[in-house]
Amino acid sequence: MPIKENLAELKILLPPQVTLVAVSKTYPEADILQAYQAGQRIFGENRPQELVAKKALLPADIQWHMIGNLQTNKVRSLVPFVSLIHSVDSEKLLEVIDREAERYDRVIDVLLEVHIAREQSKHGWSEDDLLHYLAQASYPTLTHVRLRGLMGVASYTDDQAVVQAEFEGLAALHKLLHERFFGPDFDTLSMGMSGDFPLAIRCGSTMVRVGSSIFGARTYNK
Ligand SMILES: *Cc1c(COP(=O)(O)O)cnc(C)c1O
């Protein structure tokens, strides 16, 4: 697979304000290293164990993002080094990250994952639950997490109108929360994958998570 060429083609499509997370789940270290040698520094994984194992084998200046469902008992393994957690979907998880980060004297950047897709299996806060949680405002007492924005995964469908409505909804929520609850630090909107990132960018995404367009089709599904 011509990873270097794929990356170069992808970069042409990304406006300068959009950050690229290269989603390397299921791909071997050699592939990640190829992307690294082509200049990519931010990689995303969706399984803590796989993330920790790859981190140990790859260059130290890689910024690792956790993009998948995270159980509280796996937080400790990531906290020493993870650079952004996209998938915070509960108050409990936020509190555990805060507590573990304190032990390591770190402040960890996190995104709140919002459920925007029609599929039930996808994780995340409902808009109502998130607004309710933020309105009761226990999060300002968390000193070792920094809420940087929102993340969402759109429905898996060819219907562009559905995907567009989901992205626009998430962008509107991001704007609302930014104005109502947060300051300029709440600047990240993580939406868009290989199949839908151009649309996500048109809807205001600032961070895209792209795997198969860089590394090729996955041989098994995770
Ligand atoms: C796998 C994954 C991606 C990347 O998917 P591609 O279709 O390979 O680009 C993005 N976001 C999340 C949460 C994922 O699990």
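The values are calculated or read from the model by the stated rules, or taken from the named source; none is laboratory data. These figures come from a predicted structure and were not determined experimentally. We place every Cβ from the backbone using ideal geometry, glycine too, and count neighbours over all the protein chains shown.
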Set PRO2, PRO28, PRO48, PRO16: member being within 16 Å of the ligand (Cβ to nearest atom), without any contact (Cβ under 8 Å) to a residue 12 or more places away in the chain and not aromatic (Phe, Trp, Tyr) = PRO28
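With the requirement that a residue be among the hydroxyl-bearing types (Ser, Thr, Tyr), in a helix (DSSP H, G or I) and either touching an Asp or Glu at 6+ places or on another chain (Cβ under 7 Å) or within 28 Å of GLN160 (Cβ to Cβ) (or both), what does the range 91-142 give you?
TYR133
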Do we find that THR143 is touching a strand residue (DSSP E or B) at 6+ places or on another chain (Cβ under 7 Å) and polar (S, T, N, Q) in this structure?
-> no
Scan of the range 56-97 for residues that are more than 16 Å from the ligand (Cβ to nearest atom), surrounded by 15 or more Cβ atoms within 10 Å (Cβ to Cβ), aliphatic (A, V, I, L, M) and over 14 Å from VAL145 (Cβ atoms), ordered by number = LEU58, ILE62
Residues (in contact with a Lys or Arg (Cβ under 7 Å, 6 or more places away or on another chain) and either of a type in the set (Asp, Glu) or surrounded by fewer than 19 Cβ atoms within 10 Å (Cβ to Cβ) (or both)) located in the range 163-191 = ASP185, ASP187
Wholly within the range 155-222, helices (runs of 4 or more DSSP H) carrying at least 3 residues that are modelled with pLDDT of 95 or more and more than 11 Å from the ligand (Cβ to nearest atom) | 160-180, 197-202
Which pairs do you get when a residue that is in contact (Cβ under 8 Å) with a residue 40 or more places away in the chain, found in the range 180-197, comes within reach of a residue that is in a loop (DSSP other than H, G, I, E, B) and more than 14 Å from the ligand (Cβ to nearest atom), reach meaning Cβ atoms under 7 angstrom, with the pair 6+ apart or on two chains?
-> THR188/THR206; LEU189/GLY204; LEU189/THR206
Mind listing just one residue for me: the one in the range 119-147 that is among the charged types (D, E, K, R) and more than 16 Å from the ligand (Cβ to nearest atom) and, of those, surrounded by the fewest Cβ atoms within 10 Å (Cβ to Cβ)?
-> ASP128
Any chance ALA22 is of a type outside the set (D, E, K, R), out of contact with any Asp or Glu (no Cβ under 7 Å at 6 or more places or on another chain), at pLDDT 95 or above and surrounded by fewer than 17 Cβ atoms within 10 Å (Cβ to Cβ) | no
